[in-house]
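Novice: Pasting a structure here, questions to come.
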Amino acid sequence: MCGTSPEASMPGLSASTPRRAGTDMPRTSVAEHTARVRTLLNAVSQRPVEQVALSDALDRVLAHPIRTPIDLPPFRNSQMDGFAVRTVDLARTPSNLPLRGAIPAAPGTPGPLRPGHTVRVMTGAPIPDDADAVVPVEHATVQGTTVTFTRKPDVGEFVREAGSDLAGSEPLLSDGFRLAPRHLAALAAAGVASVPVRSQVRVAVISTGSELAAPGELSGSRPDLRRQRPRTRRSGTNRRRPLGR
């Protein structure tokens, strides 16, 4: 048919549709490429779930949300190295209180704190239920079995209550997290031993094409070009003369 453009025989094409050089094939746009890649990646994001130990979970992607099974912290403990006290016993400062032992940073239930007494506590150590504050060592002086306090603490000062970070069954991590060391530390603190993660992707990188050459070879369309060596000029040919001669 006279006067009929090539576009008329190709549905959906117009004179302004981009084409590949030297052909009548339409050129794929960046948006179309992006949509195709996203379609392929949808299957990757829905990989099977497997349960792995916490020691093997670094850089894995969490498949399901994790809730803490326990309170964090799990018990009342001290934020500082110091002395557990009852604030009513330090109404006036300086005050002297008898020292009754020490509580290490270890599991266990401390005994009650008698009124008018104090007990030494380490950072992270459980504190007696009767104590309502911790005085850091910087604000106390020990002389034998007597402790002198130079300031009165506020109620709850340097005391971490059970569940003050997270209460039991509260969300700890959402799904889709790539587990970093800080996430593993939080999971370990909550007593979590293993986590559900997406199975790892297997990737193959395949290089093809006649333009590729091994290291040390010259690439070219003719095989004999790879065997050619650089030509050397004859002695005295096109030799530059020094300036001034």
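The values are calculated or read from the model by the stated rules, or taken from the named source; none is laboratory data. A quick note: this is a predicted structure, and the numbers were derived from the prediction, not measured. Positions of Cβ are generated from backbone atoms using ideal geometry, with glycine treated the same way; all protein chains shown enter the neighbour counts.
Novice: Got a sec? Which of SER45, SER16, SER5, SER9 is at pLDDT below 75 and surrounded by fewer than 10 Cβ atoms within 10 Å (Cβ to Cβ)?
Specialist: Only one candidate qualifies: SER16.
Novice: Where in the stretch 125-196 are the strands (runs of 3 or more DSSP E), entirely inside, with at least 3 residues that are modelled with pLDDT under 95 and buried (at least 16 other Cβ atoms within 10 Å of the Cβ)? Give the steps one after another, and end with the answer.
Specialist: Working: elements: 133-136, 140-143, 146-149, 171-173.
Where strands (runs of 3 or more DSSP E) fall fully within the stretch 125-196, none carries at least 3 residues being modelled with pLDDT under 95 and buried (at least 16 other Cβ atoms within 10 Å of the Cβ).
Novice: Given the conditions (1) in contact with an Asp or Glu (Cβ under 8 Å, 6 or more places away or on another chain); (2) closer than 30 Å to VAL192 by Cα, which single one is not true for ALA133?
Specialist: Unmet condition: (2).
Novice: Checking PRO65 against (1) modelled with pLDDT of 95 or more; (2) outside the structural domain of PHE177 (by TED's automatic domain parsing), which single condition isn't satisfied?
Specialist: Result: PRO65 fails condition (2) only.
Novice: Another question, then. Considering only residues that are crowded, with 18+ Cβ neighbours inside 10 Å, in contact with an Asp or Glu (Cβ under 7 Å, 6 or more places away or on another chain) and more than 30 Å from ALA190 (Cα to Cα), which ones fall in the stretch 96-124?
Specialist: LEU97
Novice: Quick check on GLY209: is it outside the structural domain of HIS64 (by TED's automatic domain parsing), among the small types (Gly, Ala, Ser) and at positive phi?
Specialist: On the way: outside the structural domain of HIS64 (by TED's automatic domain parsing): yes; among the small types (Gly, Ala, Ser): yes; at positive phi: yes.
So GLY209 fits the description; yes.
Novice: Next up: Being among the hydrophobic types (A, V, I, L, M, F, W, C) and modelled with pLDDT of 90 or more is the filter; apply it to the stretch 92-112 and report the residue that is farthest from HIS139 (Cα to Cα).
Specialist: Within the stretch 92-112, the subset among the hydrophobic types (A, V, I, L, M, F, W, C) is 97, 99, 102-103, 105-106.
Next, only the ones that are modelled with pLDDT of 90 or more stay: 97, 99, 102-103, 105.
Details: LEU97: 13, LEU99: 15, ALA102: 17, ILE103: 19, ALA105: 21 Å.
My answer is ALA105.
Novice: Going residue by residue through the stretch 208-220, is there one that turns out to be surrounded by 10 or more Cβ atoms within 10 Å (Cβ to Cβ) and under 18 Å from the mean Cα position of the chain (by Cα)?
Specialist: No, the stretch 208-220 has no match at all.
Novice: Report yes if ALA84 is surrounded by fewer than 17 Cβ atoms within 10 Å (Cβ to Cβ) and not assigned by TED's automatic domain parsing to the domain that holds PRO181, otherwise no.
Specialist: Numbers: surrounded by fewer than 17 Cβ atoms within 10 Å (Cβ to Cβ): no; not assigned by TED's automatic domain parsing to the domain that holds PRO181: yes.
In short, no.
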